[in-house]
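These notes are about the structure you will find just below.
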Amino acid sequence: MNGAGTGARTAAQQALTATLRRKYPLDLALDEAIAAHALASRDGGFARAIANETMRRFGQLEDLVRRFVPRPPPPHRAGPTLEILLAAACELLFLDVPPHAAVDGANRLAASDPKAVHFKPLINAALRRIAREGQRIVDAQEAPRLNTPDWLWTRWCAAYGEETTRSIARIHAQTPPLDLHFHCTPAFPPPPQAGEGDREAVEGAFALSEGPLRPFGAPPPRFARGRIILFGDVIRLEHAGNIEELEGFAEGAFWVQDFAAGLPARLFGNVRGRRVIDLCAAPGGKTAQLAAAGADVTAVERDEIRLARLEDNLERLKLDARIVLADVRDYTPEQLADCVLLDAPCSATGTIRRHPELPWIKNAADIAACSDAAAELLDAAAAMVAPGGTLIFVVCSLEPEEGPEQIAHFQRQHDEFRREPVTADEIFGLSELITSDGDLRTLPCHLAGEGGMDGFYAARLTRS
C-alpha cells in the first residue's frame, strides 16, 4: 500500500529529474507529472512545494548531501537516487516535514525504482544522519553564495556589487507572493484608496496602492493576515493556493502579474484611445493592462500555444485586443502606432524567485544568444513607431547585455530615437528603481520587506 504523500513525492522527484537532467522548465515538468499521477489539489500542492523548494535551496542541499554522501553514485547506475536524497533533505530542513515521514517517503520512492532500490540502504542511512545533524550544518552555511552558481554570482557582483548580489540571493530563497492586478467588477471590489489606513481586506493579502501608507525608507510593515499595506490596483497574496479558486477569478476581476511587470506599461502615460502594439505579448499581462486602460491594442505573439493562453485570459477578463500570430521580425502593421511595447525574450534571470531552476539549467551562452535575438526584435519594433510615438523596450533579465547595453547599441544605430527618462511619480514614487540613465531597473531585493519583486529593465524612447 502506498504511504501518505507517495504520489506527491513521486511527481516531485520526476519533475526534478526532468529539470536537472534534461533542462526542462520546472513548472512544465510539474504540470506533466501531477497530471500523469492524477493528483488531487492538496497532493499537487505538496509536490510543487517539494520541487520548488528543492530548486530554491539547491546549492545548500547539494552541499549538505555531499557531506554525507561524498561520492554520489552515477545516475546510469543509481537512477533518481540523488533527486530522492535532495528532495527528502529539503523536506527535513526547509519544509518542516516530520523525520519519520520524510525518511519513509524517500525509502518508498527508492523501493519503487529498479535502479534506486539498490541504493536504499545508502538513502536511509544518509537521511537519518541529515535528520540528526543537518540543521547544524545548514545554520553554518553561506546560503546566498551556495544557492547562486558561480556564473551568475560573478556577473551580478560586477553589475551590482556584492552586497546587492547577496540581497538578491536572499530574496530568491523566499517563496514569492502572488500579485493580482484588478480589472474591477462588482464581484471583487477594488482595493481601498490611499489614506484609508490599515483595515480588514482579503484574508492573507495586502494591497499596493497609489500612495504609500508609510514613507519609503521607514521600517517595512510585516505581512499580516487580513491586513492591507499600500500600492495601486494590486492585491498581493502571501499564500494564494489555487488561483482559479480565488473569489473573482471566474468573473474576470483580475489577472496575475508581478508588481514589477506592471510598471513598464505605465510609462506610456494615458493610453485611452491610442494605438498600441504589444510585441511578444503572451501570456498577456501587459496586453490586459493596456486594454483595461482604454487603449486600442494589437497583441503580437509567434507561439501558437502561448497565444491561445493570451486569448483565454482576455476572454475571461472581458477585454478586447486584436490578436496576431506572427514573428515580430515578419510583422508589418497596417498603421504605425503611437505606442509600441517590446517585451523581448531573454534569459529571464529577473524571474528566478518564481522559476528557481533557471540558474541551474542556463548559462552565459544563453545570455549571448538572447542578446543577439533581442537586437533584431528591437530594430523591427522601432519601424512600427509613428513619428512622435513612444517605444518601450522591456526584459525580465538582470543581465546588462540584455538591457542597458541593448539600448546603447540601438541608439548608436537609430539617432531618430531619444531616451525619455522615467520619473519617480510615474512609478509610485519609487526613485530607487530609476537608473542614472533614467531607465527603469527593478531588482528582486527591492521592497524586500513586502516580498520583493521580479527583476525588470525598461527603457522609454521617443521617435522624433
Of the residues in segment 447-459, those that are buried (at least 21 other Cβ atoms within 10 Å of the Cβ) and out of contact with any His (no Cβ under 6 Å at 6 or more places or on another chain) come to L447, G451, G452, D454, G455, F456, Y457, A458, A459
Answer with yes or no whether D104 is part of a helix (DSSP H, G or I) and open to solvent by 30 Å² or more (accessible area, probe 1.4 Å). yes
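Confirm whether E247 is in contact with a strand residue (DSSP E or B) (Cβ under 8 Å, 6 or more places away or on another chain), open to solvent by 40 Å² or more (accessible area, probe 1.4 Å), farther than 26 Å from G429 by Cβ and modelled with pLDDT under 85.
Numbers: in contact with a strand residue (DSSP E or B) (Cβ under 8 Å, 6 or more places away or on another chain): yes; open to solvent by 40 Å² or more (accessible area, probe 1.4 Å): yes; farther than 26 Å from G429 by Cβ: yes; modelled with pLDDT under 85: yes.
Yes: the conditions hold for E247.
Assess whether V117 counts as being over 33 Å from the mean Cα position of the chain (by Cα), of a type in the set (V, I, T) and not in a loop (DSSP other than H, G, I, E, B). Break it down into steps so the answer makes sense when it comes.
Numbers: over 33 Å from the mean Cα position of the chain (by Cα): yes; of a type in the set (V, I, T): yes; not in a loop (DSSP other than H, G, I, E, B): yes.
Spelling it out, V117 is indeed over 33 Å from the mean Cα position of the chain (by Cα), of a type in the set (V, I, T) and not in a loop (DSSP other than H, G, I, E, B).
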Cβ-Cβ below 6 Å, separation at least six or inter-chain, first residue in segment 6-33 and more than 27 Å from H100 (Cα to Cα) and in contact (Cβ under 8 Å) with a residue 24 or more places away in the chain, second part of a helix (DSSP H, G or I) and open to solvent by 10 Å² or more (accessible area, probe 1.4 Å): which pairs? K23/I361
All but one of (1) on the phi > 0 side of the Ramachandran plot; (2) at pLDDT below 95 hold for G79, so report the exception by its number. (2)
Output for Cβ contacts, cut-off 6 Å, separation at least six or different chains, first residue within 18 Å of F456 (Cα to Cα) in segment 150-179, second of a type in the set (S, T, Y), reads W156/T165; C157/T165; A169/T148
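Could you look through segment 65-80, keep only residues that are in contact (Cβ under 8 Å) with a residue 60 or more places away in the chain and touching a helix residue (DSSP H, G or I) at 6+ places or on another chain (Cβ under 6 Å), and pick out the one that is farthest from L109 (Cα to Cα)? Can you show your working first?
Of the residues in segment 65-80, the ones in contact (Cβ under 8 Å) with a residue 60 or more places away in the chain are 65, 67-68, 80.
Filter once more, keeping what is touching a helix residue (DSSP H, G or I) at 6+ places or on another chain (Cβ under 6 Å): 65, 68, 80.
Values: V65: 17, F68: 19, P80: 9 Å.
Restricting to residues being in contact (Cβ under 8 Å) with a residue 60 or more places away in the chain and touching a helix residue (DSSP H, G or I) at 6+ places or on another chain (Cβ under 6 Å), the top hit is F68.
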Hey, can you tell me all the residues within segment 281-294 that are of a type in the set (A, V, I, L, M) and either outside any loop (DSSP other than H, G, I, E, B) or crowded, with 23+ Cβ neighbours inside 10 Å (or both)? A281, A282, A288, L290, A291, A292
Output the residues belonging to segment 332-344 that are assigned to a loop (DSSP other than H, G, I, E, B) and farther than 13 Å from V385 by Cα. A344
Just give me the residues in segment 50-72 being open to solvent by 10 Å² or more (accessible area, probe 1.4 Å) and within 23 Å of P176 (Cβ to Cβ), in sequence order. N52, E53, R56, R57, F58, E62
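Taking the conditions exactly as written (open to solvent by less than 10 Å² (accessible area, probe 1.4 Å), under 23 Å from D150 (Cα atoms) and out of contact with any strand residue (DSSP E or B) (no Cβ under 9 Å at 6 or more places or on another chain)), does T17 satisfy them or not? Walk me through it before giving the result.
Values: open to solvent by less than 10 Å² (accessible area, probe 1.4 Å): no; under 23 Å from D150 (Cα atoms): yes; out of contact with any strand residue (DSSP E or B) (no Cβ under 9 Å at 6 or more places or on another chain): yes.
No: the conditions fail for T17.
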Those residues that are of a type in the set (A, V, I, L, M), over 24 Å from I305 (Cβ atoms) and over 22 Å from the mean Cα position of the chain (by Cα), I need them from segment 10-48; list them, please. A40
Would you pick out the residues in segment 318-368 that are touching a Gly at 6+ places or on another chain (Cβ under 8 Å), of a type outside the set (A, V, I, L, M) and open to solvent by 50 Å² or more (accessible area, probe 1.4 Å)? K318
With the condition being touching a strand residue (DSSP E or B) at 6+ places or on another chain (Cβ under 9 Å) and at pLDDT 95 or above, I'd like the helices (runs of 4 or more DSSP H) fully within segment 354-430 carrying at least 3 qualifying residues. 364-382, 404-413
Note: among I305, I323, just one is over 23 Å from T442 (Cα atoms) and in contact with a helix residue (DSSP H, G or I) (Cβ under 7 Å, 6 or more places away or on another chain), namely I323
Cβ-Cβ distance below 9 Å, separation of 6 or more or different chains: which pairs start in segment 263-280 with a residue that is without any contact (Cβ under 8 Å) to a residue 24 or more places away in the chain and surrounded by fewer than 24 Cβ atoms within 10 Å (Cβ to Cβ) and end on one that is outside any loop (DSSP other than H, G, I, E, B) and hydrophobic (A, V, I, L, M, F, W, C)? none
List the number of the failed condition for S431; all other conditions in (1) open to solvent by 30 Å² or more (accessible area, probe 1.4 Å); (2) touching a Pro at 6+ places or on another chain (Cβ under 7 Å) hold. (2)
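The values are calculated or read from the model by the stated rules, or taken from the named source; none is laboratory data. Please read these numbers as outputs of a predicted model, since none were measured by experiment. Neighbour counts are summed over all protein chains in view; Cβ atoms, including those assigned to glycine, are modelled from backbone coordinates with ideal geometry. Each accessible area value is taken on the protein alone, full model and side chains, heavy atoms only, with ligands, DNA and RNA left out. Shrake-Rupley method; radii C 1.70, N 1.55, O 1.52, S 1.80 Å.
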